[in-house]
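A short write-up of the structure that comes next.
Every read-out reported here was derived from the displayed coordinates using simple, explicitly stated rules and does not represent laboratory data. Because the structure is predicted, anything quoted here is derived from the model rather than measured. Glycine also receives a Cβ, built like all others from the backbone with ideal geometry; neighbour counts cover every protein chain displayed.
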Amino acid sequence: MMSWIQRKNLFLIAILCLCVLAALPLPASSYVLMWVFLMAVYLTLALSYDIVGGFLGYMNLGHSTSFGLGAYSTAILLNHDFGLALALFLAIVFTAAFAAIVSYPFFRLRGAYFALATFGLISLMEVFATNLQHVTGGSGGISTPPGDHMVPAYYLSLVAASGTVILSHLLGRSRFGLALLSIREDEEVARSFGVPTFSCKSLSLVISSVPAGLAGGIYVWNVTYISPPAAFGLEIALSPVVMAMLGGTGITLGPLVGAVFITLIQELLWIKVAYFHVTIYGVLLVLLGLFMPGGILRTRWLWPVVQRLGFGEKIDYFKKQEILQR
Amino acid sequence: MAYLLECEGVTKNFGGLVALKDINIQVMKGEIIGIIGPNGAGKTTLFNIIAGALPPSYGKVFFKGQEISEKPASEICRLGIARTYQIVRPFNSLTTLENILIGLSFGRINPPAYKKRVMEAMNILTFMGLGTKANNAAETLTLVEKKYLEMARAMATSPEILLLDEVLSGLGPAETVRAMDTIREIQAFGVTVIMIEHVLSVIMELCHRVIVLNYGVKIAQGKPNEVANNPRVVEAYIGNVEMGEQETLNA
């Protein structure tokens with residue numbers, strides 16, 4: 001039935017999806033556009049979270065720090081009459097630099113301690129955003145110059161999301177990606193086999209912060225407002241984690257499926273059973289966690305399809321086949 | 001005489017416990033050295049110090065005349081000392097091939113070009129008899145296969161010294177013979193092998209020289225049969241025996 005889902009068709013499938021999404025602004029209402037826009041933002045966050053959370057195996061609960069920093073610095077720069085491109089660029093540089101600095105103390109921690117410390121970081125950022133009134137506007141947040149940016153922002157978010165997909169895909173098959181996986185499996189052994197563990201960990205945090213910072217910038221440009229809870233709140237912090245884990249961590253396709261699935265479910269529930277949606281949403285998550293512990297993609301009927309697509313494999317699939325047949 | 005590896009007065013304290021006390025060892029190129037001793041004698045601690053997983057409390061380790069006791073494990077691996085673990089520690093969810101690729105890509109000073117890596121990893125796997133398991137996740141292998149994978153991953157770093165920590169324990173008789181052949185072949189490639197082992201028959205047959213540790217002290221070293229007749233070694237293994245009884249034991 002799903003035999004057209006093959007590795008050789010993968011590129012075509014991706015192009016097709018992109019074409020449909022690119023043509024969407026023509027017929028769709030701004031409601032649908034906003035919904036897909038938010039999906040793309042969450043997708044970018046979930047995928048970039050998965051670089052540290054899935055490949056490296058360090059649960060970075062503070063991933064939204066990068067999102068918030070990107071959003072705030074873009075907003076501040078836009079208010080100082082920087083152009084969008086320059087504002088986004090500087091915001092990304094700032095976010096990446098911040099990630100490089102915090103990686104030093106944080107990667108001295110492991111496991112639950114790392115997760116808790118990074119979780120503490122977003123609370124700290126929220127306190128900063130609330131109290132540094134003259135920079136961040138305090139608890140009232142910041143508004144950026146108004147304007148209807150829906151369609152260009154929508155395209156930008158698509159670019160960011162597909163860029164992150166490509167980044168994650170390339171990472172999964174690179175030497176660097178292999179180093180991250182070995183650290184996930186056994187950090188001490190990885191180090192004794194020559195993997196420079198500390199610099200790999202730092203670099204992965206920096207790489208994962210870039211798409212998140214960009215997503216924050218695009219978000220604030222479109223929504224024209226950012227406040228401490230929107231940038232550093234629980235929802236933006238935990239949603240990407242849940243999406244990645246629900247889809248399947250450590251596979252490029254995982255966070256993608258998770259992000260689409262969750263935004264879809266949330267929206268449907270909100271439309272159909274408003275005010276009861278949060279309860280059903282929670283029950284659904286618990287059930288999925290119970291019955292699909294490895295994520296949706298690792299279920300028995302989907303995993304073969306995933307493998308046929310060449311995901312879940314870190315080395316060039318065809319090259320490997322060729323060698324084995326010799 | 002320049003030694004390939006030299007431990008000079010290596011001492012390791014864990015708090016008040018002296019795990020190794022003033023150990024002096026010289027290893028020449030091409031040797032197969034056996035390290036034996038009762039449980040808790042400090043054999044694995046010695047490996048950890050040579051491989052750089054632990055720093056020595058006192059003393060120095062030299063590799064080709066260069067001091068390595070202060071260097072991190074990753075650098076020592078790249079210099080040419082690779083190890084296996086007593087309790088196997090493969091990268092479980094990665095495939096066998098990927099396990100080898102990690103040693104190949106990171107454990108060498110000059111890793112081969114990307115395209116050659118997979119080929120070379122396959123060669124190593126085939127040499128170790130794991131060729132058909134290349135695409136299997138390491139966690140699906142049997143214990144014996146995992147031990148070979150450990151050796152293969154260490155060999156992938158193209159080491160000059162291979163530290164084998166009890167690779168033969170838990171193997172059946174036929175498997176033991178095969179593993180001994182593999183170790184001989186590895187030595188024939190010009191790799192110096194230092195192995196910790198409890199199976200004395202293997203030590204007797206395979207090793208050129210044996211070093212005996214007991215309570216962190218080197219109590220004997222020499223040719224296998226010399227060491228086996230050393231009264232201090234017998235005492236360490238069996239307990240304090242009268243000289244008369246000891247001769248019956250040796251007989």
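Quick one: net charge around B:Gly59, please, counting Lys, Arg +1 and Asp, Glu -1 for every other residue with C-beta under 11 Å from its C-beta.
Numbers: positive: B:Lys12, B:Lys21, B:Lys60; negative: B:Glu6, B:Glu8, B:Asp22, B:Glu67.
Surrounding charge for B:Gly59 is -1.
Taking θ = phi - 60°, what integer Hz values does the Karplus form 6.51 cos²θ - 1.76 cosθ + 1.60 yield along region B:143-157, in sequence order, with x for Gly and Pro?
4, 4, 5, 5, 5, 5, 4, 4, 5, 5, 5, 5, 5, 5, 7
Note down the nm distance, to one decimal, between modelled labels 7 Å out along Cα→Cβ at A:Phe128 and at B:Phe189.
Placing both labels 7 Å beyond Cα along the Cβ direction yields 5.0 nm.
Under 17 Å from the Cα of B:Lys116, which lysines turn up, not counting those fewer than eight places away in the same chain?
Straight-distance partners of B:Lys116: A:Lys314, A:Lys319, A:Lys320.
Determine the calculated [θ] at 222 nm for chain A from helices alone, applying -39500 (n - 2.57) to every DSSP H run no shorter than 4 residues and normalising by the residue count; nearest 500 deg cm²/dmol.
On the way: 16 runs with 235 residues, N = 326.
Computed ellipticity for chain A at 222 nm equals -23500 deg cm²/dmol.
Please work out whether region A:1-147 counts as rounded, prolate or oblate from its C-alpha gyration tensor, where a ≥ b ≥ c are the square roots of the eigenvalues and a/c under 1.5 means rounded, while otherwise a/b larger than b/c means prolate and anything else oblate? Walk me through the intermediate numbers first.
On the way: a/c = 2.41, a/b = 1.25, b/c = 1.93.
Verdict is oblate for region A:1-147.
Between A:Glu188 and A:Ala28, what is 0.36 nm times their sequence separation minus the Cα-Cα distance? Round to one decimal in nm. Don't skip to the end; give the middle numbers.
On the way: separation 160, 0.36 × 160 = 57.60 nm, distance 5.23 nm.
Extending this stretch completely gives an extra 52.4 nm.
Kindly point out which whole DSSP H helices in chain A project their C-alpha atoms 24 angstrom or further along the helix axis while averaging a Kyte-Doolittle hydropathy of -1.0 or above. Don't skip to the answer; put the middle values down first.
Working: long enough: A:30-50 (29 Å, 1.49); A:84-106 (33 Å, 2.26); A:111-131 (31 Å, 1.25); A:150-172 (33 Å, 1.40); A:197-223 (39 Å, 1.07); A:253-272 (28 Å, 1.53).
Helices meeting the criterion: A:30-50, A:84-106, A:111-131, A:150-172, A:197-223, A:253-272.
Go through region B:76-88 residue by residue and turn each phi into a ³J(HN,Hα) via Karplus (6.51, -1.76, 1.60, θ = phi - 60°); whole Hz please, and just put x for glycine and proline.
4, 4, 5, 5, x, 10, 10, 9, 10, 10, 4, 8, 4
So how do A:Met245, A:Met125 line up by other beta-carbon neighbours within 10 Å, fewest first? Kindly include the intermediate steps, with their values, before the conclusion.
Numbers: A:Met245 25, A:Met125 20.
Placing the least packed residue first, the sequence is A:Met125, A:Met245.
Output the relative contact order of chain A, whole-number percent, from Cα pairs under 8 angstrom with separation of 6+ residues. If you can, show how the numbers build up before the last one.
Working: 462 pairs, mean separation 96.3, N = 326.
RCO, chain A: 30 percent.
Please list, ordered by chain and number, the residues whose modelled amide H lies under 5 Å from the amide H of A:Thr252; skip anything fewer than 5 residues away on the same chain.
Amide H neighbours of A:Thr252: A:Gly312.
Would you mind ranking A:Ser208, B:Ser158 so that the residue whose beta carbon has the fewest other beta carbons within 10 Å leads the list?
On the way: A:Ser208 29, B:Ser158 21.
The fewest-first ordering by Cβ neighbours comes to B:Ser158, A:Ser208.
Considering Cα pairs under 8 angstrom that are at least six residues apart, work out the relative contact order of region A:64-222 and quote it in whole percent.
Details: 164 pairs, mean separation 76.9, N = 159.
RCO, region A:64-222: 48 percent.
For chain B, what is the mean residue ellipticity at 222 nm derived from helices alone (per DSSP H run of n ≥ 4: -39500 (n - 2.57); sum divided by total residues; nearest 500 deg cm²/dmol)? Working shown, then result.
Details: 10 runs with 98 residues, N = 251.
That calculation yields -11500 deg cm²/dmol at 222 nm.
Taking GluC sites (Glu not before Pro) as candidate sites, keep only those in a DSSP loop with at most 15 other Cβ atoms within 10 Å, then name the longest stretch of chain B containing none of them. It would help to have the intermediate numbers written out before the result.
Values: sites that count: B:Glu70, B:Glu242.
That gives B:71-241 as the longest site-free run.
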